[in-house]
Amino acid sequence: MNEWKTTLKLWEDNIDKDSLLELKKLEQKEQKERFNEDLNFGTAGIRALMGIGTNRINKYTINRFIKAYGLFLKENFSSLELKEKGVLIFHDNRKDGKIFSEYAASALLSLGIKVTFSYLNQLQPTPLLSYMVRNKDYIGGLNITASHNFKDFNGIKFYTSKGSQIDLNDSKEIKHHFDQLGYFDTEAKINLKTVKYLPKNFENYYLEEVIFPMIKKTKFHEKILFSPQHGTSLGMVKKIAKEMNIDLSLVKTQSFPSETFENTLNPNPGTIEAFNEAVPIAINQDISTIISIDPDGDRLGLMIKDDNNWIHLNGNELAILMLFYLIKTTRASKLKNSFIVKSIVTSDQGTRIANFHNIKVYETLTGFKHLANKSLEIQEDEVRRGIKPKKISNSLLIYEESYGSIINNMVADKDAFQAFVLVVQMLNYFKSKYSKISEVLNTINQKYGHTKSIQFTKEISSITESEEYLLNITKSIGHKLEDVKHVTLDYIEDLEKPRIKKQLPTKGIKIWLKGGSWVAIRPSGTEPIIKFYLDLFNLDNETENKLKEVFESFF
């Protein structure tokens with residue numbers, strides 16, 4: 001019998017009646033797809049479609065992963081810390097989020113680990129979990145969320161006591177425990193009488209320590225149209241807007257929590273589809289700025305009116321504007337002692353700007369488990385070397401091209417609320433200096449060199465298929481680039497064997513072109529797609545478009 005059929009039979013013999021009914025309705029092809037492998041860690045925890053199966057999110061996979069996480073914690077913390085500090089668990093608005101949080105709590109409680117929920121176990125955003133874990137003495141944290149993915153997805157983000165997502169070494173240890181467990185000997189009976197709850201207004205800690213100190217006493221003359229994409233961020237944004245005296249208008253059809261996401265084409269603010277509902281409202285109300293935050297509150301997207309055109313800024317453009325603004329408005333003494341952290345697939349324009357202003361630049365792999373941890377490592381290393389507290393380097397901006405950023409690393413995961421404050425103040429500042437946002441971007445390109453970032457994705461069916469594409473591109477890209485004027489191949493970097501010794505390996509390739517341009521290609525860690533990142537420097541429009549055509553031609 002095929003291995004997946006053996007696994008399927010085991011599930012048929014052990015799952016509850018409702019789950020069995022769901023399973024029996026599936027055709028064999030679908031059954032095979034659901035049982036041919038286990039879930040594994042991606043860029044941000046685990047994430048998958050919901051449903052019955054070993055590579056789906058359901059109470060059985062949740063229980064097995066959480067128990068493995070609990071065993072990992074037991075190896076790394078004392079019995080006293082497990083019982084007195086414990087783990088903080090949040091969830092967002094997705095289907096079964098609250099139920100999954102209760103299963104997760106039960107699994108940890110069965111191991112003698114204290115569990116705390118938010119007030120009444122209400123849905124809460126990711127940055128708040130990171131802040132609470134990092135600053136209020138927990139040994140770990142869990143968020144039941146699939147971040148910006150579509151409604152049929154759910155997942156788990158796992159946090160260390162630093163408030164950062166678990167790194168590669170931690171995930172390997174947890175997966176080791178996972179492999180030693182079964183799916184059905186880990187299911188805990190729900191007994192939540194011993195769960196603790198945070199106080200009602202616990203978010204005020206975060207607001208007063210992280211957000212309010214960022215706010216400059218400036219008068220804002222324009223309305224902001226805001227959408228939380230049916231997710232967790234509205235309450236926090238309202239409080240921030242009130243403190244900033246912002247005239248906030250809402251996309252009301254998307255401003256209530258919903259597990260079905262019924263009024264959004266795409267809850268990812270990195271896509272223009274996320275703004276389809278908002279743009280007609282902005283036009284009707286004569287509003288020129290639309291801000292959207294994804295369901296779990298960690299990434300922010302922006303659309304802005306530029307003359308009579310609406311511009312959806314890509315993640316690189318938004319980050320570069322934020323960096324440019326911070327450099328313009330930060331004291332020289334503080335700027336001198338600051339650094340930025342960016343991912344290896346994020347545009348090098350930030351590096352050029354930082355180098356110009358003598359700001360240190362650090363690069364690491366994609367995902368805030370790498371970016372945030374890198375920023376913490378830099379400061380911890382300086383502490384170990386005996387550098388005085390006032391001389392410790394400060395993070396000016398930690399960011400990646402997928403609309404995630406941190407300014408203050410009291411939060412150790414990407415934080416859309418910090419970004420909200422920064423972006424509103426940034427736009428207010430630019431309005432006093434420039435006639436439109438495209439003028440700001442042009443000014444940056446004129447000063448530091450013209451850069452264009454292009455991204456696109458292609459769907460794949462498996463890891464094997466992604467490896468075949470990468471191999472094919474590596475073999476034939478040199479020949480294909482011969483037809484592109486003004487472009488010369490420099491070298492191809494296998495990201496699993498990085499040229500920089502301290503850089504961790506990852507799947508993908510980076511094609512370097514002479515003159516400063518590059519193209520990175522990597523399979524996503526959370527979705528069945530290959531991602532293409534083109535960072536094109538000082539090339540004309542015709543060449544930029546031709547390069548995009550070359551890489552799209554592989555599909």
The correct count of residues that are closer than 20 Å to Ser453 by Cα and within 26 Å of the chain's Cα centre (by Cα) in segment 309-340 is 17
Of the residues in segment 246-269 that are in contact with a Lys or Arg (Cβ under 7 Å, 6 or more places away or on another chain) and either among the acidic types (Asp, Glu) or outside any strand (DSSP E or B) (or both), the one that is farthest from Lys151 (Cα to Cα) is Asp247
If you go through Gly301, Gly297, Gly315, Gly270, the only one that is of a type outside the set (S, T, N, Q) and out of contact with any helix residue (DSSP H, G or I) (no Cβ under 9 Å at 6 or more places or on another chain) is Gly315
Is at least one residue of segment 335-354 farther than 21 Å from Asp413 by Cα, open to solvent by 40 Å² or more (accessible area, probe 1.4 Å), polar (S, T, N, Q) and modelled with pLDDT of 95 or more? no
When restricted to Leu534, Leu547, Leu504, the only residue in contact (Cβ under 8 Å) with a residue 60 or more places away in the chain, aliphatic (A, V, I, L, M), open to solvent by 60 Å² or more (accessible area, probe 1.4 Å) and in contact with a strand residue (DSSP E or B) (Cβ under 9 Å, 6 or more places away or on another chain) is Leu504
**Asked** Can we say Lys172 is open to solvent by 80 Å² or more (accessible area, probe 1.4 Å) and either in contact with a Phe, Trp or Tyr (Cβ under 6 Å, 6 or more places away or on another chain) or not in a helix (DSSP H, G or I) (or both)?
**Response** no
The helices (runs of 4 or more DSSP H) lying wholly within segment 42-120 that contain at least 2 residues that are crowded, with 24+ Cβ neighbours inside 10 Å, touching a helix residue (DSSP H, G or I) at 6+ places or on another chain (Cβ under 9 Å) and not aliphatic (A, V, I, L, M) are 59-76, 97-109
- Any residue at all in segment 445-459 that is of a type in the set (Ser, Thr, Tyr), open to solvent by 30 Å² or more (accessible area, probe 1.4 Å) and either modelled with pLDDT of 90 or more or over 22 Å from Thr543 (Cα atoms) (or both)? no
Only one of Glu363, Glu382, Glu401 is under 30 Å from Gly235 (Cα atoms) and acidic (Asp, Glu), namely Glu401
Contact list, first residue from segment 197-211 and more than 15 Å from Ser130 (Cα to Cα), second anywhere and surrounded by 16 or more Cβ atoms within 10 Å (Cβ to Cβ) and not hydrophobic (A, V, I, L, M, F, W, C), beta-carbon distance below 9 Å, six or more apart or interchain, is Tyr197/Thr116; Tyr197/Ser118; Tyr197/Asn121
Every listed condition ((1) under 30 Å from Ile246 (Cα atoms); (2) of a type in the set (S, T, N, Q); (3) part of a helix (DSSP H, G or I); (4) open to solvent by less than 60 Å² (accessible area, probe 1.4 Å)) holds for Asn409 save (3)
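The values are calculated or read from the model by the stated rules, or taken from the named source; none is laboratory data. Quantities reported herein were computed from a predicted structural model and do not represent experimental measurements. Positions of Cβ are generated from backbone atoms using ideal geometry, with glycine treated the same way; all protein chains shown enter the neighbour counts. These accessible areas exclude ligands, DNA and RNA; they are computed on the full protein's heavy atoms, side chains included. Shrake-Rupley method; radii C 1.70, N 1.55, O 1.52, S 1.80 Å.
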